[in-house]
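This report concerns only the one structure given below.
The values are calculated or read from the model by the stated rules, or taken from the named source; none is laboratory data. Note that this is a predicted model, so its numbers are computed, not measured. Quick reminder, even Gly has a Cβ in these numbers, built from the backbone with ideal geometry, and neighbours come from all protein chains shown. Each accessible area value is taken on the protein alone, full model and side chains, heavy atoms only, with ligands, DNA and RNA left out. Shrake-Rupley method; radii C 1.70, N 1.55, O 1.52, S 1.80 Å.
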Amino acid sequence: MTSALGMRVISNSTSQPPGMRQEDGIEVVEFDNLLSQSDFVSIHCPLNEHTKNLIDANALSKMKPTAYLINTARGAIIDQDALVETLRNRRIAGAALDVFGEGSAPPPALPDDNPLWKLDNVVLTPHIGWQRAESRQRVVNICAENIAAFSRGEPGNIDLETGRPRGR
């Protein structure tokens with residue numbers, strides 16, 4: 001879809017080295033390069049000890065002033081205080097967030113006194129995309145597949161020690 005819009009898509013991955021081109025043509029780049037080159041940074045990673053506050057003041061400072069940050073993954077991947085400061089000072093163009101807090105499922109609602117509510121360069125939505133029947137069925141199917149794989153002695157898709165995908 002992004003190709004149809006004329007977008008160049010780059011990614012960062014803990015399981016694929018920079019310089020690699022994925023089957024769909026997406027180039028893997030260093031994290032800092034992803035931040036400095038992207039017009040839109042969309043977060044798609046699990047929350048673990050490696051990704052908590054991944055997007056902190058330092059990461060935000062590397063983004064273009066015209067860039068937008070999108071988080072539909074887990075709230076704690078972004079240092080919210082650093083994001084509020086960055087948005088207040090217009091160091092990036094804006095943010096779109098539908099997850100907040102420490103990443104429980106479903107994530108907690110954003111408190112009424114949160115400073116994000118007062119910013120005009122942020123879009124806030126409730127984390128409801130997963131609530132469709134198809135999404136819930138997918139979660140049930142994945143759980144069943146993981147239980148069956150475990151009972152066969154097959155490793156899971158996530159290495160619990162590193163928090164990274166296995167074999168990718």
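Working note: Karplus 6.51/-1.76/1.60 with θ = phi - 60° gives the stretch 8-16 the couplings 8, 10, 10, 9, 10, 9, 7, 10, 10 Hz, where Gly and Pro are set to x. In the chain, Rg over Rh equals 0.98, where Rg is the alpha-carbon radius of gyration and Rh the Kirkwood radius from pairwise Cα distances. Each 10 Å bin, from zero up to the one with the longest distance, holds this percent of the alpha carbon pairs of the stretch 1-40: 30, 55, 14.
With the Kirkwood sum run over all distinct C-alpha pairs, the stretch 1-77 has a hydrodynamic radius of 13.2 Å.
Our estimate of slack between ALA149 and ALA133, defined as 0.36 nm per intervening residue step minus the Cα-Cα distance, is 3.3 nm. Using a probe radius of 1.4 angstrom, the carbon and sulfur fraction of the accessible surface of the chain is 54%.
Amide H to amide H, with H built 1.01 Å from N, ILE70 comes under 5 Å of VAL41, SER42, ILE43, ALA96, counting only residues 5 or more places away or on other chains. Heavy-atom accessible surface of the chain, averaged per residue, reaches 65 Å², computed with a 1.4 Å probe. Derived scalar couplings between HN and Hα for the stretch 47-62 equal 8, 8, 5, 8, 10, 4, 6, 4, 9, 10, 4, 5, 5, 4, 5, 8 Hz in order, rounded to whole Hz, by the Karplus curve 6.51 cos²θ - 1.76 cosθ + 1.60 (θ = phi - 60°), x for Gly and Pro.
Taking only DSSP H segments of four or more residues, each worth -39500 (n - 2.57), what value at 222 nm results for the chain once the sum is divided by all its residues, to the nearest 500 deg cm²/dmol? List each step's numbers first, then the result.
Details: 4 runs with 40 residues, N = 168.
Dividing the helical sum by the residues of the chain leaves -7000 deg cm²/dmol.
A 1.4 Å probe, protein heavy atoms only, puts the accessible area of ARG132 near 150 Å².
Amide H contacts of LYS62: none lie under 5 Å away among residues 5 or more positions distant or on a separate chain (H built 1.01 Å from N in the peptide plane; Pro and chain starts excluded).
Residues whose amide H falls under 5 Å from that of VAL122, counting only those 5 or more places apart or on a different chain, are ALA95, with hydrogens built in the peptide plane.
Between VAL140 and VAL123, the modelled label-to-label distance comes to 3.2 nm, taking each label 7 Å out from Cα in the direction of the beta carbon.
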